[in-house]
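Chemist: Take this structure, written in structure tokens, and hold onto it; I'll ask about it next.
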């Protein structure tokens, strides 16, 4: 199997590349710098540059490219970068795929569980409406940018609506782990909001599964949704630390700015389509995932 990956150097992309190469797959990595290895090919989304020959013989394209939402304070300029880093590359890939005589049969397009916005106690499936937060707007534009591939009947397109990814390095919760290790963890805001989570191991296994599973459209890449305080407590318990010091919502906003609203949002998301497709998670309970994450 030949797989072309954009965003292969990121958290998920690097783990997916490792998994595929262990299977013996031919992995082609799209990079924005000068190629340093034979499997790397340069592309430049900002200039609209992507050699169509790179896609020749490819079975699957995986697009995970995009600037980290929580990496910097969400100023107006940073918001522009977050949006354009997703839509520009996605549009270029989708146009190139649709314009190819023999396109890859599958496009697994990066997306995010932030599509649903802040929804309280509502149980959210792939059929639920999208939200009105900044990240929900980004996801809407991100997925819409793939339209040329979606409209091509030769290509099956899946939108990977990924939740909070738990990894030994912390992933999305990386800044919290050092605090928890020092016994300084506790509820963020009320702690009653839902976080939809998945381990990195299950994330890449799910992406691999979707290369073959007859599923299209949005797919929630989550294992479960737990109240944020329960996620923090599970990590603290796995580290044999207390989790009692609360962090008020206003304090989070002072430190993180607008991104704090995404952390405090409640998303009770279930993996309806992933479960129906036959995928089996290794970790469905936050307690088991936490123990695996802290190792």
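The values are calculated or read from the model by the stated rules, or taken from the named source; none is laboratory data. Only a predicted model underlies this, so the values are computations on that prediction, with no experimental measurement involved. Positions of Cβ are generated from backbone atoms using ideal geometry, with glycine treated the same way; all protein chains shown enter the neighbour counts.
Chemist: Among the residues of the range 50-67 satisfying the criterion of being free of Cβ contacts under 8 Å to residues at least 24 places away in the same chain and surrounded by fewer than 13 Cβ atoms within 10 Å (Cβ to Cβ), which is nearest to residue 171 (Cα to Cα)?
Modeler: 51
Chemist: I would also like to ask the following. Can you pull out every residue in the range 75-125 that is over 25 Å from residue 263 (Cβ atoms) and more than 19 Å from the chain's Cα centre (by Cα)?
Modeler: 92, 95, 96, 97, 98, 99, 100, 101, 102, 103, 104, 105
Chemist: On the basis of being assigned to a helix (DSSP H, G or I) and either under 26 Å from residue 129 (Cβ atoms) or touching a strand residue (DSSP E or B) at 6+ places or on another chain (Cβ under 9 Å) (or both), does residue 198 make the cut?
Modeler: It is false that residue 198 is assigned to a helix (DSSP H, G or I) and either under 26 Å from residue 129 (Cβ atoms) or touching a strand residue (DSSP E or B) at 6+ places or on another chain (Cβ under 9 Å) (or both).
Chemist: Then there's this: Among the helices (runs of 4 or more DSSP H) confined wholly to the range 209-295, which include 2 or more residues that are touching a strand residue (DSSP E or B) at 6+ places or on another chain (Cβ under 9 Å) and surrounded by 18 or more Cβ atoms within 10 Å (Cβ to Cβ)? So that I can check it myself, show each step before the final result.
Modeler: Details: elements: 228-238, 249-256, 259-264, 272-276, 286-294.
Once the helices (runs of 4 or more DSSP H) in the range 209-295 are filtered for at least 2 residues that are touching a strand residue (DSSP E or B) at 6+ places or on another chain (Cβ under 9 Å) and surrounded by 18 or more Cβ atoms within 10 Å (Cβ to Cβ), what remains is 228-238, 259-264, 272-276, 286-294.
Chemist: Could you pull out the residue among 135, 166, 184 that is within 13 Å of the chain's Cα centre (by Cα) and over 18 Å from residue 261 (Cα atoms)? Give the derivation first.
Modeler: Numbers: 135 fails: over 18 Å from residue 261 (Cα atoms); 184 fails: within 13 Å of the chain's Cα centre (by Cα).
The conditions single out 166.
Chemist: Related question: Kindly indicate whether any position in the range 192-199 is surrounded by fewer than 19 Cβ atoms within 10 Å (Cβ to Cβ), at pLDDT 95 or above and touching a helix residue (DSSP H, G or I) at 6+ places or on another chain (Cβ under 8 Å).
Modeler: yes
Chemist: Being loosely packed, with under 15 Cβ neighbours inside 10 Å and without any contact (Cβ under 8 Å) to a residue 60 or more places away in the chain is the requirement here; does residue 13 meet it?
Modeler: Criteria not met by residue 13.
Chemist: Could you go through the range 83-101 and let me know if any residue there is surrounded by fewer than 22 Cβ atoms within 10 Å (Cβ to Cβ), over 24 Å from residue 3 (Cα atoms), in contact with a helix residue (DSSP H, G or I) (Cβ under 7 Å, 6 or more places away or on another chain) and free of Cβ contacts under 8 Å to residues at least 60 places away in the same chain.
Modeler: yes
Chemist: While we're on this one: Checking the condition touching a strand residue (DSSP E or B) at 6+ places or on another chain (Cβ under 8 Å) and either closer than 25 Å to residue 196 by Cα or surrounded by fewer than 18 Cβ atoms within 10 Å (Cβ to Cβ) (or both), which residue from 72, 126 passes?
Modeler: None of the others qualify; the one that does is 126.
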